[in-house]
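The values are calculated or read from the model by the stated rules, or taken from the named source; none is laboratory data. In this text, all values refer to a predicted model and were calculated from it rather than measured experimentally. Cβ placement follows ideal geometry from the backbone for every residue including glycine, while neighbour counts extend to all protein chains displayed. Accessible surface is based on the protein model in full, side chains and every heavy atom, while ligands, DNA and RNA are left aside. Shrake-Rupley method; radii C 1.70, N 1.55, O 1.52, S 1.80 Å.
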Amino acid sequence: EGRLDVLVCSAYTTPPGNLRGKFWTQGTEMWDAVNGVGLRQVYAACVAAAPKMIETAKISAGGGDPKPPLICLVSSFGGKSYTFNVAYGVGKAAIDRLATDMSYQLKEHGVATTSLYPGLVRTEANLQMVEDGTWDAASGGLDLSVGETPTFSGRAVRALLSLGGKDMMARSGNVEVVAELAREFNFSEEDGSKPASIRSLQYLLPNFVFPQVERESGKPVPGWIKDNVPDVLLPWSVFSSGPPPEQD
């Protein structure tokens, strides 16, 4: 009682209409829909929570390796690479920067921050879009059936909270990818599976490269290739050059 050990900000509103489009045709309505809750209210939540979390850190201090309170901002791959539209990417990049810049000011108070990247997630809203028949157009044809569950992200947060104080503070302000945390901390989906990271070849080739190869060649990619894609992580710098190929 009287403590605030963790704040997880994951609220987001899916804007009406077509998520993909030119920013000059989407207008400020797209910005307000994507970043009203997804950015402004995240900042407001952090402003409200920070004093209580600083007080919590003071209570926990003293001897040993006290665990710092953690502010976890749920962001996305859109913070690193062009995704969906301009407003979306700018908002996600701002979330990442918010985690980083807060870490500078909160470090002396013993409060940690992180920006968390789930992969493609089977949220209730996304599943409803599949039912409504709007998912393919909005996502660019991504296969939601192989997406992560919200539980997987929850286990990632729990894994970060298991870190000792020094280790958590050393990672404060960083981007953490849920699937990569699963391999580091050995947790999985409820069915025992471990989805590939969004920057792994195991994710990128089946979702973007193989479909393009098959469209251009008119032939399927051999099964022995699809079944033997290595789990190699590409550096984030690779993704700053532009969007992945569009799927028809």
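General remarks:
- Accessible surface for Glu29 stands near 130 Å², nearest 10, in the context of the full protein assembly shown (1.4 Å probe).
- Among the lysines of the chain, pairs at least eight places apart or on separate chains and with Cα atoms under 24 Å apart come to 15.
- Considering only beta bridges that DSSP places wholly inside the chain, some 5 percent are antiparallel.
- Computed with a 1.4 Å probe over protein heavy atoms only, the accessible surface of the stretch 160-248 comes to 57 Å² per residue.
- The eigenvalues of the Cα gyration tensor, multiplied by 5 and square-rooted, give the stretch 63-142 an equivalent ellipsoid with semi-axes of 33, 15, 8 Å from largest to smallest.
- Sequence-distant residues sharing a close amide H with Glu176 (under 5 Å, placed H): Ser115, Leu116, Tyr117
- The stretch 17-87-the stretch 101-159 distance, computed between alpha-carbon centres (Å): 12
- Computed magnitude of the charge dipole of the chain (debye, nearest 20; Cβ of K, R +1, Cβ of D, E -1): 660
- The chain - convex hull of alpha carbons, volume per residue in Å³: 149
- Test item: Cα-centred dipole of the stretch 58-190, Lys/Arg +1 and Asp/Glu -1 on Cβ, debye: 640
- Here the spin labels are modelled as points 7 Å beyond Cα on the Cα-Cβ line, and at Ser162 and Glu55 they lie 3.1 nm apart.
- Stretching Asp65 away from Asn18 to a fully extended chain increases their span by 12.0 nm, per 0.36 nm per residue minus the current alpha-carbon distance.
- With all protein chains in place and ligands, DNA and RNA left out, the 1.4 Å accessible area ranks Tyr43, Tyr104, Tyr12, Tyr203 as Tyr104, Tyr43, Tyr12, Tyr203, largest first.
- Global size of the stretch 1-136 as Cα Rg and Dmax, reported in angstrom: 17.3, 57
- At 1.306 mPa s and 10 °C, Stokes diffusion of the stretch 70-200 via Kirkwood alpha-carbon radius, µm² per second: 102
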